[in-house]
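Below is one structure, written out as structure tokens; comments come after it.
The values are calculated or read from the model by the stated rules, or taken from the named source; none is laboratory data. Bear in mind that the values here come from a model prediction, so they are computed numbers and not experimental data. FYI the Cβ positions are ideal-geometry reconstructions off the backbone, even for glycines, and counts take in every protein chain you see. Surface areas here come from the heavy atoms of the whole protein model, side chains and all, with no ligands, DNA or RNA. Shrake-Rupley method; radii C 1.70, N 1.55, O 1.52, S 1.80 Å.
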Number of protein chains: 2
Amino acid sequence: MDVQPSTRERLLDATEDLAFTQGVAATPVDEILRSAGVAPATLYAHFGNKEGLITQALERRLMRWDEAWQLAIDEASTPREKLLAVFPALTEYRRGVTAARWCAFLGVAAESPRPGPELQKALASDTQLLTSRLRELAVPVVGANHVDALVAQLVLVYTGVLGMLLRGMDAERAVELGLHIAGAAVEAAAGTRS
Amino acid sequence: MDVQPSTRERLLDATEDLAFTQGVAATPVDEILRSAGVAPATLYAHFGNKEGLITQALERRLMRWDEAWQLAIDEASTPREKLLAVFPALTEYRRGVTAARWCAFLGVAAESPRPGPELQKALASDTQLLTSRLRELAVPVVGANHVDALVAQLVLVYTGVLGMLLRGMDAERAVELGLHIAGAAVEAAAGTRS
DNA sequence: GTCTATATCAAGATAGAC
DNA sequence: GTCTATCTTGATATAGAC
């Protein structure tokens with residue numbers, strides 16, 4: 001039996017739908033309210049202000065991405081496949097949630113010159129999760145010595161995949177391309193392993 | 001003898017300073033006017049509206065990037081170095097102009113869900129220049145058959161370099177990292193050459 | 001917790017003079 | 001071409017009732 005989503009969740013859903021596709025500044029609070037079927041005062045009671053709403057939408061989004069990525073890792077068999085699972089996970093993830101225009105986190109970062117502490121934390125936690133988990137996964141593949149360089153490369157490629165969406169590239173093609181580049185980087189790093 | 005910049009140029013300068021570092025929506029026209037020392041009506045006489053101002057700032061920026069990149073290509077000696085010159089060119093370019101927070105074009109694209117035709121054209125011309133010139137440069141390196149795949153990879157890496165700036169990475173490190181990944185991609189593609 | 005109604009304010013844009 | 005002064009709108013946020 002389906003429970004209908006709470007007011008709070010409807011607001012977060014609408015925020016993902018609208019703000020992460022059109023841009024935050026290009027999405028008036030009014031539009032989110034209309035889409036969620038909620039009154040202004042209710043939004044402010046829950047989230048304080050627009051930035052609070054965006055922040056919590058990002059937090060929920062990161063949790064879901066975290067789970068989706070972890071699932072993809074668990075399903076992969078070899079250490080190398082687990083390390084590269086971030087790319088197929090992205091495709092799968094974008095099917096499950098409302099797909100952002102490119103990346104909810106980078107998009108908000110780009111248009112937030114002076115984020116408040118909460119938002120700043122939410123934004124940083126995306127890069128944080130990305131690098132820390134990739135580091136764990138990379139150790140079995142290239143050894144502890146070469147991990148840092150490889151992780152930085154993988155984060156760059158992952159970021160490039162998302163950026164290509166802004167250049168109009170199809171998401172699946174971008175992921176495929178990224179996987180190819182990342183695979184080569186892993187080979188090169190694994191070859192260097194002392 | 002230095003000629004002092006025209007009103008028009010002061011406005012474009014201020015736009016690059018402010019809108020491409022803070023974000024367009026986060027930069028009120030007022031702030032640009034104050035920074036340029038110009039009256040509102042003057043701006044609208046020159047550019048029609050805010051989007052016109054942004055559009056022309058992007059157009060001027062692309063011209064300068066075009067020149068800077070071409071210069072870097074001319075200074076490189078081997079075909080492989082010319083192909084990869086886009087990365088050192090980026091470092092050099094960012095010294096010459098007001099460096100954007102990450103990328104003026106991608107940044108504007110990200111916060112413009114429904115750009116007018118002029119702006120759309122200005123945005124597309126960045127990717128256009130990038131792909132067409134890389135394609136020319138790649139032919140001598142990998143042959144005409146494998147060009148498309150390699151170009152797409154290089155554009156992705158280039159885009160990833162810029163995106164890393166939003167994750168707080170230092171520009172020179174990002175460029176260095178990108179150059180490394182791109183170099184490996186070029187090697188791999190050149191090796192495949194039939 | 002949620003609503004209706006409204007206050008407040010800032011931003012984009014224009015009128016009209018010089 | 002450029003200025004001062006102002007208009008108009010649309011967006012964030014709040015007051016007060018249910």
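Screening A:GLU75, A:GLU111 for residues that are charged (D, E, K, R) and within 16 Å of DNA strand C (Cβ to nearest atom) leaves exactly one candidate, A:GLU111.
Among the residues of segment A:184-194, those identified as buried (at least 16 other Cβ atoms within 10 Å of the Cβ) and at the interface with chain B (Cβ under 10 Å from one of its Cβ atoms) are A:ALA184, A:ALA185, A:ALA188, A:ALA189. The helices (runs of 4 or more DSSP H) located wholly in segment A:78-172 that include 2 or more residues which are more than 13 Å from every other protein chain (Cβ to nearest Cβ) and open to solvent by 10 Å² or more (accessible area, probe 1.4 Å) occupy A:79-84, A:86-96, A:117-142.
Within this structure, B:GLU31 fails the test of being open to solvent by 50 Å² or more (accessible area, probe 1.4 Å) and assigned to a helix (DSSP H, G or I). Only one of A:MET1, A:MET63 is more than 12 Å from DNA strand D (Cβ to nearest atom), more than 23 Å from B:ALA25 (Cβ to Cβ), modelled with pLDDT of 95 or more and not charged (D, E, K, R); which? Residue meeting the stated conditions: A:MET63.
Let's see how each residue does on (1) within 26 Å of A:LEU177 (Cβ to Cβ); (2) in contact with a Pro (Cβ under 9 Å, 6 or more places away or on another chain):
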position	(1), (2)
A:LEU53	no, no
A:MET63	no, no
A:GLU67	yes, no
A:ARG94	yes, no
A:ARG101	yes, yes
A:ALA104	yes, no
A:PRO115	no, no
A:ALA122	no, yes
A:SER125	no, no
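Would you say B:LEU43 is surrounded by fewer than 18 Cβ atoms within 10 Å (Cβ to Cβ) and more than 14 Å from chain A (Cβ to nearest Cβ)? Against the criterion (surrounded by fewer than 18 Cβ atoms within 10 Å (Cβ to Cβ) and more than 14 Å from chain A (Cβ to nearest Cβ)), B:LEU43 does not qualify. When residues in segment A:46-60 are screened for being within 14 Å of another protein chain (Cβ to nearest Cβ) and either within 9 Å of DNA strand D (Cβ to nearest atom) or out of contact with any helix residue (DSSP H, G or I) (no Cβ under 8 Å at 6 or more places or on another chain) (or both), 2 of them pass. For segment A:128-146, enumerate the residues that are without any contact (Cβ under 8 Å) to a residue 12 or more places away in the chain and not acidic (Asp, Glu). Those that are without any contact (Cβ under 8 Å) to a residue 12 or more places away in the chain and not acidic (Asp, Glu): A:GLN128, A:SER132, A:VAL139, A:ALA144.
Just to be sure before I move on: is B:LEU43 in a helix (DSSP H, G or I) and either within 11 Å of DNA strand D (Cβ to nearest atom) or over 24 Å from B:ALA89 (Cβ atoms) (or both) in the structure I sent? Answer is yes for this residue. Of everything listed in (1) surrounded by fewer than 20 Cβ atoms within 10 Å (Cβ to Cβ); (2) closer than 20 Å to B:ALA188 by Cα; (3) of a type outside the set (A, V, I, L, M, F, W, C), the single unmet condition for A:GLY178 is (1). Within segment A:89-127, the only residue that satisfies the criterion of being free of Cβ contacts under 8 Å to residues at least 40 places away in the same chain and among the aromatic types (Phe, Trp, Tyr) is A:TYR93.
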